[in-house]
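The values are calculated or read from the model by the stated rules, or taken from the named source; none is laboratory data. Note that the coordinates shown come from a computational prediction; the quantities given were computed from them, not determined experimentally. Every residue, glycine among them, receives a Cβ derived from its backbone with ideal geometry; neighbour counts consider all protein chains shown. The accessibility values were calculated without ligands, DNA or RNA, using every heavy atom of the protein model including side chains. Shrake-Rupley method; radii C 1.70, N 1.55, O 1.52, S 1.80 Å.
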Amino acid sequence: MDFPRLSEPLTAALIGALATVAGALVQLRISWRREMKERERGQPITKKARRGPVIVVFALLVAAAVGGFALSQYFVSLREGDRDALRADLQSKLSEINATAMRLEQARTNERKQIETEVQRADASHLGEEGAAASVVVGPCSQIVPGTRLECTEQSALKITICARVPASATVKEVQLYIGAEKPKQPWQENRVQPGEEAGDSRFAEKFTERPDGDAKQVCQGFANWSGEKSRVARILVKYAL
């Protein structure tokens, strides 16, 4: 146990009390020896000689009171020192607990964010595997000249662009192309065509293009229908990875 350093007033009181006690004891011994010698010689004891021990005893009482007060103050300072040390230790423990709680909360927050990010990434990956689709109905092609009806060709047909929207950071893995009737009687998988392949007087372009669209981007494929009688449904399915 570390004893606290005594303050200057307390040190002075203790020194004064010890000096008073020592002086009183010396005076008491001297008075006692003088009284013994006077009794041996048969001399009468005066009132002054009798008051000597009383004064010494009073001085001893005063010194004891001062010493007791100083000692009590010393013990009080010890208790205050222990209390301060305990308070500092408790404060340190509370700080450690708060720091640990903050670290745990931060770890939980980071873990929750990581889980949410992984879930979002998994959902986005799943969406990428399913693909982003877009389709459009393209009517029959015809060239109207007053008094005549000319045949429509691929070169003269109106060309359109079909676009599917994907995340800006997506990497296009595949663009699947489908050409079907306006009211198809068979699954889309059976209407799949390759880029540049003709199907019923219609055709997709050989290559797709990308263009920004705000916080996303569009994957586009050109299409032309030069059939003069039938409408065509052009559909694209963009599969991507993040």
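What to note about this one:
- Those residues of the stretch 225-242 which are under 41 Å from the mean Cα position of the chain (by Cα) and not in a strand (DSSP E or B), in sequence order: Leu242
- The single residue among Ser169, Ser135, Ser95 that is over 30 Å from Ser231 (Cα atoms), outside any helix (DSSP H, G or I) and either in contact with an Asp or Glu (Cβ under 8 Å, 6 or more places away or on another chain) or modelled with pLDDT of 75 or more (or both) turns out to be Ser169.
- Leading residue by the ranking (farthest from Cys163 (Cα to Cα)) among those in the stretch 226-239 that are modelled with pLDDT of 90 or more and either open to solvent by 60 Å² or more (accessible area, probe 1.4 Å) or not basic (Lys, Arg) (or both): Val233
- Selection status of Gln155, at pLDDT below 85, open to solvent by 50 Å² or more (accessible area, probe 1.4 Å), over 18 Å from Val233 (Cα atoms) and not acidic (Asp, Glu): yes
- Boolean, Thr171 is touching a residue at least 12 places away in the same chain (Cβ under 8 Å) and closer than 18 Å to Ala133 by Cα: yes
- Looking across the stretch 161-180, the residues that are surrounded by 14 or more Cβ atoms within 10 Å (Cβ to Cβ) and among the aliphatic types (A, V, I, L, M) come down to Ile162, Ala164, Val166, Ala170, Val172, Val175, Leu177, Ile179.
- Hits in the stretch 181-224 (condition: in contact with a Lys or Arg (Cβ under 7 Å, 6 or more places away or on another chain), of a type outside the set (A, V, I, L, M, F, W, C) and either touching a residue at least 60 places away in the same chain (Cβ under 8 Å) or assigned to a strand (DSSP E or B) (or both)): Ser202, Glu210, Arg211, Asp213, Lys217, Gln218, Gly222
- Checking each residue in the stretch 84-129 for being under 25 Å from Val172 (Cβ atoms) and surrounded by 10 or more Cβ atoms within 10 Å (Cβ to Cβ) picks out Thr117, Glu118, Val119, Gln120, Arg121, Ala122, Asp123, Ala124, Ser125, Leu127, Gly128, Glu129.
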